[in-house]
Amino acid sequence: MLINVIYRDGSVDIVNSSSLSHLIKNGEIFAFCRSDGWTRLDRDPVRRQKLPFDGPGKRINDLMEDYYG
């Protein structure tokens with residue numbers, strides 16, 4: 001999927017979706033276009049990087065460890 005972006009210097013480009021995360025992470029773009037309109041990175045919510053789960057495990061090994069110690 002191709003996405004319209006506006007870089008911090010005001011230049012406009014079209015990038016593939018796999019490049020968008022990299023551009024956002026490195027602070028290289030000012031805004032990008034979603035299906036519902038333009039998203040400005042300085043004011044609009046964007047997805048955050050998922051953090052590792054730090055809660056109780058749900059796998060059978062985790063349950064057995066809790067039970068048997």
Residue pairs qualifying under the 9 Å Cβ cut-off, at least six apart or on distinct chains, with the first in the stretch 5-33 being on the phi > 0 side of the Ramachandran plot and the second being surrounded by fewer than 16 Cβ atoms within 10 Å (Cβ to Cβ), are Gly27/Arg8
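Counting just the residues of the stretch 1-14 that are over 10 Å from Phe32 (Cα atoms) and not hydroxyl-bearing (Ser, Thr, Tyr), which one comes out modelled with the lowest pLDDT?
Our first condition is that a residue be over 10 Å from Phe32 (Cα atoms); within the stretch 1-14, this holds for 1-2, 8-11.
Going one step further and asking which of them are not hydroxyl-bearing (Ser, Thr, Tyr), we end up with 1-2, 8-10.
Working: Met1: 90, Leu2: 96, Arg8: 95, Asp9: 96, Gly10: 96.
In this case the residue turns out to be Met1.
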Those residues of the stretch 18-56 which are at pLDDT 90 or above, assigned to a loop (DSSP other than H, G, I, E, B) and closer than 13 Å to Val5 by Cβ, in sequence order: Asn26, Gly27, Glu28, Leu41
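The values are calculated or read from the model by the stated rules, or taken from the named source; none is laboratory data. All of these numbers come straight from a predicted model, not from anything done at the bench. Positions of Cβ are generated from backbone atoms using ideal geometry, with glycine treated the same way; all protein chains shown enter the neighbour counts.
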